[in-house]
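Working notes for the structure below.
The values are calculated or read from the model by the stated rules, or taken from the named source; none is laboratory data. Only a predicted model underlies this, so the values are computations on that prediction, with no experimental measurement involved. Counting neighbours? That spans all protein chains shown, and the Cβs are built from the backbone with ideal geometry, glycine included.
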Amino acid sequence: MSSINTNVSAMVALQSLNKTNMALETTQKRISTGFRVGSAEDNAAYWSIATTMRSDNSALSTVKDALGLGAATIDVAYTAMNSAIDMAKEIKNKLVAARQPGVDRTKIQSEINELQNQLQSIGDSAVFSGQNWLSTDSSAAGYNATKSIVASFTRSSAGTISIGTISVDTSGTKLYDAGAGATEVGIVDGLRDATGAIAAAGTFSVAALDISALTDSAADLTTLESYISGVDTSISEMTDAASTLGATKQRVSLQRNFVTALMDAVDRGISTLVDADMTEESTRLQALQVQQQLGIQSLSIANQQGQSILSLFR
């Protein structure tokens, strides 16, 4: 039936054109933004997952920065410890030279004094971001020998967040300790006994030993030999501390590499959920543009059908 009140063909053509325009608008939006799911209205579930994963990835970026800061702090302490070992070796060499009867121990002590001052300078200078692991004050309020480096950020299936850390015990790496307690001592300033070990009954420290007044008497030579043993033991303790710092630094570096790889994996996961396939979208765009042109032409033809009715009244 032909009617001048209702153009059914035009209505169908218009509905088809509107659907094509809506699909074309969606495709153009995906191409311009690069996202298949750009907002919650596109796909609420995927959008929610992607938003949470992006937030967690941002937290992982902060963890990566924290690991970098921790690695730098450890590196400073490790470098200073190696320098301290070199200074202690020089002191040991001077003491061995002083063991020879007849040498001027006063002049040797003047050299040792400079090496001791350099040791102190090394300990005081091993600072990064306000932290010094080699020269401390155990008696200070809030002091904690265990240093923590933020190493991970995880979210459980229940949504619970947990922060993982790498702990570094600096009680065995400190060279100097300004605390006055019996146990508040460092490798260099700790009092040592005749065997060279740090002890409550110790009589000398690497930081303050003095051979200028020693003679060639048997007792003084025994004292000198205890000094040599004490410095040698301190070198062993510094070597152990450097080994601990080196191992910790390696672990921090490995964790930092893992976090970097994990961030890349999360980015790939997010991309799989929400990114648009540009090859597919470009193909769809061309097809929809053709459909749009045909829809416009179809609507134009449908609108012209009413004109044919006029010919019946001529």
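Within region 168-188, restricting attention to residues that are surrounded by fewer than 22 Cβ atoms within 10 Å (Cβ to Cβ), of a type outside the set (Val, Ile, Thr) and assigned to a loop (DSSP other than H, G, I, E, B), the residue that is modelled with the highest pLDDT is ALA178. Among the conditions (1) at pLDDT below 90; (2) surrounded by 18 or more Cβ atoms within 10 Å (Cβ to Cβ), ALA158 misses just one, which is (2). Beta carbons closer than 7 Å, at least 6 apart along the sequence or on distinct chains, pair a first residue in region 195-220 that is farther than 18 Å from LYS174 by Cβ with a second that is in a strand (DSSP E or B) for PHE204/ARG192.
For GLY70, are the conditions met, namely being in the same structural domain as ALA261 (by TED's automatic domain parsing), more than 37 Å from the chain's Cα centre (by Cα) and in contact (Cβ under 8 Å) with a residue 60 or more places away in the chain? Spelling it out, it is not the case that GLY70 is in the same structural domain as ALA261 (by TED's automatic domain parsing), more than 37 Å from the chain's Cα centre (by Cα) and in contact (Cβ under 8 Å) with a residue 60 or more places away in the chain.
Per this entry, ILE228 is not counted among residues that are buried (at least 16 other Cβ atoms within 10 Å of the Cβ), within 23 Å of ARG155 (Cβ to Cβ), β-branched (Val, Ile, Thr) and over 19 Å from the mean Cα position of the chain (by Cα).
Selection of region 117-151 for residues being surrounded by 15 or more Cβ atoms within 10 Å (Cβ to Cβ), among the aromatic types (Phe, Trp, Tyr) and not in a strand (DSSP E or B) yields only TRP133.
Every residue, every condition in (1) in the same structural domain as SER9 (by TED's automatic domain parsing); (2) surrounded by 14 or more Cβ atoms within 10 Å (Cβ to Cβ); (3) outside any helix (DSSP H, G or I), yes or no:
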| site | (1), (2), (3) |
| --- | --- |
| ILE211 | no, yes, yes |
| LEU221 | no, yes, no |
| SER243 | no, no, no |
| GLY246 | no, yes, no |
| ARG251 | no, yes, no |
| ALA261 | no, no, no |
| VAL266 | no, yes, no |
| ARG284 | yes, yes, no |
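Got at least one residue in region 213-231 being in contact with a Phe, Trp or Tyr (Cβ under 6 Å, 6 or more places away or on another chain), closer than 27 Å to ASP75 by Cα and not small (Gly, Ala, Ser)? Taking every residue of region 213-231 in turn, none turns out to be in contact with a Phe, Trp or Tyr (Cβ under 6 Å, 6 or more places away or on another chain), closer than 27 Å to ASP75 by Cα and not small (Gly, Ala, Ser).
Among the residues of region 282-300, the ones that are without any contact (Cβ under 8 Å) to a residue 24 or more places away in the chain and more than 18 Å from ARG30 (Cα to Cα) come to 5 in all. Among the residues of region 268-282, those identified as in contact with a Lys or Arg (Cβ under 8 Å, 6 or more places away or on another chain) and surrounded by 12 or more Cβ atoms within 10 Å (Cβ to Cβ) are ILE270, VAL274, ASP275, ALA276, GLU281.
Has region 18-33 got any residue that is within 30 Å of VAL168 (Cα to Cα), out of contact with any Leu (no Cβ under 7 Å at 6 or more places or on another chain) and either modelled with pLDDT of 90 or more or surrounded by fewer than 18 Cβ atoms within 10 Å (Cβ to Cβ) (or both)? There is no residue in region 18-33 that is within 30 Å of VAL168 (Cα to Cα), out of contact with any Leu (no Cβ under 7 Å at 6 or more places or on another chain) and either modelled with pLDDT of 90 or more or surrounded by fewer than 18 Cβ atoms within 10 Å (Cβ to Cβ) (or both).
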